[in-house]
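None of the figures in this text is laboratory data; all of them are computed from the coordinates on show. Quick caveat: nothing in here was measured; it's all calculated off a predicted structure. Don't worry about glycine lacking a Cβ; one is built from the backbone with ideal geometry, like all the others, and counts go over all protein chains shown.
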Amino acid sequence: QEAIYKQGNDYVDGVIQQAIDQLHEMRSQRSAGLSVAAAVNPALIRSLVYAEHMNEFLLLYNPDTKMLVNKVNVQFAINEGDTFRYSASSANARGIAQFIGSTYKSLVKKYPQAHLIPDFNEGMEDHVNSIVAAFLLFDEYTAGVKRGAGDAFRDNEVPYYGAAAYNGGVTRVVRAVKKYGDAWDANHKPKTIATLRAETVG
């Protein structure tokens, strides 16, 4: 029912807003003069949350994206703070934001002022904490692409740089941008897939 979908959607909105409130004084690495909360579009974080918990094949080839989003919203509506609490990928990426331990621990060290929960498992079980970490990582990764790509960096590509780096790492994105310029993320071209992982291109 629509009310259930809305309840899940509102829960995710609330978590993201709480994360933004915690980040309003954190300075962005990529955009001088802006906070992390202002430099990273919340819609990108929301998109990453949903994409991380959808079947990649269905996401790419099912025309009814709204239905896929609402399947995830039903889980948030029913389970709220326990949603994806124990979800772990084959690489042991965990929780709502699908972090691996080493990446999360590096954020805890780099951003003590963010007051992230030190323990990886506990940090991933807390939705607001996980989303704060996702904002920080997105900002850090896009800053890394900006440093690495130099003149090839394009501001209008920031959402895509960030999403690709979130999935496959900064190094692969920088290599693709420097090698292929504006065509760095061209879908399903063998030369690009050779630089980015097929999953990242997807």
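Between residue 24 and residue 74, the simple spin-label model (points 7 angstrom out along Cα→Cβ) gives 3.7 nm. Note on the chain: lysine pairs with Cα distance below 16 Å, sequence gap of 8 or more or different chains, count 7.
Only four residue types carry charge here, +1 at the Cβ of Lys and Arg and -1 at the Cβ of Asp and Glu. Report the dipole size of segment 71-117 about the Cα centre in Debye, rounded to the nearest 20. I would put it at about 240 debye.
Only helices at least 20 Å long along their axis, Cα-based, and averaging -1.0 or more on Kyte-Doolittle count here, so list those DSSP H runs from the chain.
2-23, 65-79, 127-149
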